Each structure stands twice: as C-alpha cells, then as structure tokens.
1. Answer with yes or no whether T6 is surrounded by fewer than 17 Cβ atoms within 10 Å (Cβ to Cβ), in a helix (DSSP H, G or I) and out of contact with any His (no Cβ under 6 Å at 6 or more places or on another chain).
2. Would you check which residues across the range 527-553 are within 13 Å of ligand 1 (Cβ to nearest atom) and surrounded by fewer than 19 Cβ atoms within 10 Å (Cβ to Cβ) and list them?
3. Could you list, in sequence order, the residues of the range 357-409 that are acidic (D, E), more than 16 Å from ligand 1 (Cβ to nearest atom) and in contact (Cβ under 8 Å) with a residue 40 or more places away in the chain?
4. Take D468 and tell me if it is surrounded by fewer than 17 Cβ atoms within 10 Å (Cβ to Cβ), among the charged types (D, E, K, R) and closer than 30 Å to E359 by Cα.
5. Does at least one position in the range 274-289 carry a residue that is free of Cβ contacts under 8 Å to residues at least 12 places away in the same chain, open to solvent by 30 Å² or more (accessible area, probe 1.4 Å) and closer than 30 Å to H134 by Cα?
6. Wholly within the range 133-223, which helices (runs of 4 or more DSSP H) include no fewer than the required count, namely at least 2 residues that are under 30 Å from R240 (Cβ atoms)?
7. Scan the range 364-382 residue by residue and report those that are more than 9 Å from ligand 2 (Cβ to nearest atom) and either farther than 14 Å from E555 by Cα or polar (S, T, N, Q) (or both).
8. Answer yes or no as to whether E433 is away from ligand 2 (no atom under 16 Å from the Cβ), open to solvent by 80 Å² or more (accessible area, probe 1.4 Å), closer than 24 Å to K497 by Cβ and not aromatic (F, W, Y).
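The values are calculated or read from the model by the stated rules, or taken from the named source; none is laboratory data. Just so we're clear, the structure is a prediction, and the values are computed from it rather than from any experiment. We place every Cβ from the backbone using ideal geometry, glycine too, and count neighbours over all the protein chains shown. Keep in mind that these areas ignore ligands, DNA and RNA; they rest on the heavy atoms of the full protein, side chains included. Shrake-Rupley method; radii C 1.70, N 1.55, O 1.52, S 1.80 Å.
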Amino acid sequence: MPRHSTKNFVRLVNIFVKPYWARILLATGLMFLLTASTIPLPLIIKYLVDDVLPSHRKELLLVVFGMVFGAALLGRLVYLALRYVIIYTGEKVIFQIRSQFYRHLQRLSLSYFDHKQTGEIMSRVINDVYIIQHMLESGFITILTDLLTLVIVIGIMFHFNWRLALITITVLPLYAANHEVFVRRIRRTGRAIRRKIEEIVGSLEERISGVKVVKSFAKEEYESKSFIEKLKENYRLNMRLGILSSSLSSIAGVLSGFGAALVLWYGGRLVLEGVMTVGSLLAFYSYTSYVYGPLVRLVQINATIQWVSAAIDRIFETLDLQPTIKDMPNALELDKIQGEIRFEKVSFGYTPDTTVLHEIDLEVKPGMVVAIVGPSGAGKTTLISLIPRFYDVTSGTITIDGVDIRRIKQASLRKHIGIVPQETILFSGTIRENILYGRRKATEEEIIAAAKAANIHNFISSLPDGYDSIIGEKGTKLSVGQKQRISIARALLTNPKILILDDCTSALDSKTEAQLQETLRTLRKSRTTFVIAHRLSTIMDADLIVVLNEGRIIERGTHEELLDQKGFYSRLYYQQFKAELESEKGNVRTK
Ligand SMILES: Nc1ncnc2c1ncn2[C@@H]1O[C@H](COP(=O)(O)OP(=O)(O)OP(=O)(O)O)[C@@H](O)[C@H]1O
Ligand SMILES: [Mg+2]
C-alpha cells in the first residue's frame with residue numbers, strides 16, 4: 001500500500017469505524033469462536049476410529065454424536081450472531097459514508113461538476129462505497145479466520161507427523177502459484193467485461209432516449225450493426241473468462257488431487273509401519289482440505305488490499321475537495337435588499353488560461369429591466385452566473401446594494417435571486433412539487449399565483465390531475481414551452497428581488513410571451529430583472545440593453561439610443577428583427 005493509502009485507511013477507520021469499536025471487538029471474539037468450532041471435526045473422527053470403535057464401547061458413540069452435533073450447532077449459532085453484528089456495523093458505516101459523501105457533494109461548487117462526468121461521480125457514491133462495504137462485511141472476517149485456520153490446522157498437521165506435513169505442504173506453493181497466474185488474468189478480463197457492459201449500457205441509454213435522432217437519420221440498420229459489434233466483443237470476452245476460470249479450477253483440482261494422493265500414499269505407508277494410527281491419517285486427510293481455500297485468499301490479499309485502498313482513496317479524494325466558493329468567516333446575512341447591482345471591471349474565465357468576460361462595467365438600479373443581447377457564445381449565460389456567485393470573478397468586483405457579493409453568505413445571496421436557466425430542468429414528481437422546489441412552505445394560493453404569472457395555470461388546471469400530475473419519465477409529457485413556464489413559476493414563487501431569465505422564453509409563442517411580458521412588467525417594479533432574449537418585443541421593452549460580444553460590452557443604452565448609434569445592435573436589429581417586426585405588422589393588419 002502506498003503511504004497515502006495507508007493514511008486514508010487509518011482515516012476511514014478513525015472517522016467511520018472507530019465509533020463501533022465495541023461491536024468490532026465482539027465480532028472478532030465471535031470470529032475466533034467460529035473458527036474454533038470448525039476445527040475439532042477431524043479430531044472427533046480420529047477419536048471415533050482410534051478409540052471408540054476398537055473399544056466397542058457403544059455408549060461413547062453418543063459422546064461422538066454430541067460432540068459433532070454440538071460443534072455444528074454452536075458454529076451456526078455463532079455464525080448467525082457474527083453475521084448480525086457484522087452486517088449491522090457494516091451497514092451503519094456505509095450509511096455514514098454515503099450520506100456524508102452526498103452532503104459533501106452538494107456543498108461542492110459548480111465548477112467541480114463542470115469538469116467531472118456524472119457517471120464518474122455516481123460510480124463513487126455507489127461502487128466505491130460498495131467495495132468498502134464488501135471489505136467490512138466479508139473481507140475483514142475472512143482474512144482473520146483464514147489466517148487463524150491456516151496457523152492452527154498446519155500446526156495440528158505437524159503435530160500428527162512432521163514428515164507427512166512437510167510433503168503435503170510442498171503442493172501448496174504450486175496451488176497458490178496456479179491461482180496467482182490465472183486470477184490476475186481473470187481479473188483483467190473481468191474488468192474489460194465491466195467496461196464493455198458500461199459502454200453497452202451507456203450507448204443503449206443514449207440510443208433509446210435519442211431514438212428520434214436515430215430514426216430521423218434512418219440509421220436503424222447502422223445502429224443495430226454497431227450494437228451487434230459490441231455484443232460480439234462482449235461475447236468474446238466472456239468466452240475468454242469462461243475458459244480462464246475453468247482452466248484455473250481444473251488445474252487446482254488436479255493439484256489438490258495430487259496432494260490428497262500424496263497424503264494417502266505416504267500416510268498409508270506410515271500407518272503400515274505403525275508410525276501413525278488410522279484415525280490420525282483420516283484426520284490428517286480431512287485437514288488438508290481446510291488449507292486450500294484460506295491459502296488462495298491470503299495469496300490474493302495484496303490485490304484485494306489494492307482494490308479496496310483504491311476505492312478508499314477515490315472517496316477521500318472527493319471528501320477532501322474544498323468547495324472553491326466558500327463563505328467568508330464573517331459573511332453577512334442580508335435580510336432585505338434593494339436590488340442594485342454593480343459590476344466593476346469584472347473579468348472571468350472558467351479556467352485560469354482562458355478569459356470569457358473582459359473588464360465588464362455595469363450599473364443596474366433597483367427595479368430596472370436589463371436585456372442582454374449578443375451572439376451565441378458571447379458570454380451572456382456566464383455573465384449572469386456570476387451574480388448568484390456560481391463562480392467567483394477572476395478580477396474586479398460585483399456588488400449588491402454596495403456590498404461585495406463575496407462578503408455575503410451564499411445561501412442568503414441566492415435567496416434573493418430567482419433564476420430560470422437556459423436549459424429547463426424539472427425533477428421527476430408532480431408539477432406541484434416542482435414549483436414548490438423554490439419555496440417548500442408556500443401556500444396553495446401562492447403556487448397558483450406563481451403559475452398564473454408564468455401563464456401556465458390554465459394548462460395545469462386542464463390536466464386530469466391538475467397540480468398533482470406526475471411529470472418526467474413515467475408521467476405527463478410536457479412541451480418545451482410548458483416546461484419553461486413551470487420553471488418560471490418555480491422561480492417566481494420565491495418572489496426574488498433579482499430575477500434572471502436566461503433565454504427561457506425561446507420556446508413560447510408570441511402571444512404567450514406577450515402575456516408573460518405583461519406579468520413581468522407588473523412584477524418588475526419591485527425587482528431587478530435580467531433577461532437574455534432573442535425576441536424583439538422583450539428586448540425593446542428593457543430599461544437598458546447591453547450588447548455583449550466575445551466577452552465585452554460593446555454597446556449599451558435603450559432601444560432608441562442603440563438604433564441611433566448605428567452599430568452592432570442596429571445591424572442586428574435590421575437583420576434579425578425586421579422580418580419579425582414585419583410579420584407582426586402583418587398580423588395587426590390582418591386583424
Ligand atoms: N461550464 C463551462 N466551462 C468552461 N467553459 C464554458 C462553460 N460554460 C460556457 N463556457 C464557455 O464560455 C463561453 C461563453 O459561454 P456562454 O454560455 O456564456 O455563452 P452565451 O452567450 O450564453 O451563449 P448562448 O446564446 O449560446 O447561450 C463559451 O466560449 C463557452 O465555450
Ligand atoms: Mg447562454
């Protein structure tokens with residue numbers, strides 16, 4: 001084990017296992033009892049053959065009965081108690097690790113999730129913790145019992161006859177070597193199979209949920225072929241695994257057979273020479289079968305330790321990560337805010353070597369509506385992500401009511417900000433639950449008011465289950481615009497002082513958008529609003545339009561001012577909005 005792994009192992013024990021030391025002590029005691037209960041059987045056979053049968057004392061048969069049955073009964077009772085203690089403790093520890101891990105994950109900043117694959121994070125919560133669970137619940141027991149069994153049994157064998165014991169033991173290294181050779185390959189193949197399965201499942205999931213794309217490009221045949229190709233590889237790997245493991249067990253069988261033959265042949269001679277009793281030979285023979293299993297497991301202990309310690313390392317790697325965005329020690333709690341926001345020379349990049357926003361200066365008075373316009377990739381979403389401090393600025397400052405947002409507690413800051421993100425994300429559950437996500441304690445009237453403001457109340461009421469309609473995989477299917485409006489209702493429910501709408505009206509028809517616009521207009525007196533939009537009506541209405549291009553504010557002003565400037569905005573206006581404007585005029589005329 002590398003040194004840091006040992007350190008992590010000690011930490012794991014200290015944090016998660018130490019609280020259960022009494023139970024673990026109990027488990028260890030039970031374990032010794034369990035091992036002790038399995039060892040006497042060959043000795044009882046020896047007693048039967050060497051002492052009881054020759055003496056013709058029938059009453060002693062009852063003693064033999066009592067000993068064999070008693071040992072079995074005791075063994076199983078101890079086993080039951082042991083499993084109970086171990087599973088109880090193991091599950092407690094695992095519960096602790098998983099919940100602490102998840103809580104920690106929730107505390108990490110957004111940038112962590114930007115750079116990690118979801119699958120990898122999930123694998124840590126599920127697989128790595130499972131590996132530790134396995135170690136705690138079975139690995140730990142077997143290692144100790146194995147060691148104990150080996151020492152006692154080999155000791156007894158030497159006690160019977162050291163020559164016979166030496167001969168028997170010569171087979172053991174061969175037996176262990178056979179395992180060492182094959183198990184390594186089996187494990188490698190097993191890993192390859194797991195990866196292949198993950199790949200198959202991943203592509204299956206993508207292709208099934210993206211079946212529309214497959215069909216629209218008429219790629220069914222191609223997809224089937226590429227899937228079959230993956231299945232074939234999986235088949236080849238599984239064949240390989242099958243051959244490897246049957247070779248392993250065949251060779252192991254031959255070797256243990258050789259060992260048994262050796263014992264009976266040489267032992268038989270010893271009995272004929274009168275050096276050994278028949279009972280001792282029988283007992284000795286039984287004991288040889290005790291050593292193979294523990295031996296193999298102990299030989300593999302190194303690989304097991306590596307496997308487990310890698311999992312422990314990965315878990316601590318995540319647990320040790322500090323959120324990049326932390327509350328300052330004396331961070332402020334803001335009860336009420338006016339909603340004045342100021343960017344001063346703000347530059348930002350997601351990584352140290354790239355800059356997405358350059359020296360942004362922006363002053364927004366309480367209650368203003370600011371529209372942010374610009375080409376795709378200009379940095380609009382990035383700009384608004386800085387306000388709730390999803391990321392910290394690289395340089396410059398952002399203030400709310402004159403307070404640097406880095407001096408405000410994150411929870412307190414975000415309480416005042418409602419965000420409707422560009423990509424709508426609703427969780428599986430009912431519509432009510434999704435809207436309530438913004439503020440769990442809202443009343444029914446407040447939910448309905450938010451839904452009305454987001455122009456979705458009528459739709460929801462038209463559903464058979466109304467607000468209790470289940471959405472997501474198994475529930476009602478919603479259109480993109482309906483999802484957007486639920487997402488808007490969720491943000492409005494918190495009644496935030498600062499409202500940020502990131503392109504969230506893109507899927508709404510102009511009538512719905514106009515209605516929403518109307519709502520926002522009535523709401524906006526009391527709140528500062530940022531909107532990123534492509535629709536002219538939304539933008540024209542804003543108190544301030546900010547034109548962003550390649551991370552820089554290149555123009556700012558009201559609609560009229562910007563048109564007068566005849567710059568980027570006016571070009572954009574004439575290219576992009578003229579058609580829209582004309583069609584709207586047309587609509588008016590036809591009415
Ligand atoms: N999480 C991220 N990590 C690294 N780079 C990012 C991340 N999000 C965005 N970027 C980069 O930052 C730049 C600005 O992206 P942003 O999402 O702010 O653009 P946008 O103006 O909102 O575009 P759109 O109109 O298409 O939504 C892009 O070059 C993008 O590649
Ligand atoms: Mg965007």
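1. yes
2. Result: H534, N549, E550, R552.
3. Hits for the range 357-409 are D361, D401.
4. In short, no.
5. The answer is no; no qualifying residue exists.
6. 140-160, 162-209
7. V364, K365, P366, G367, M368, V369
8. No.
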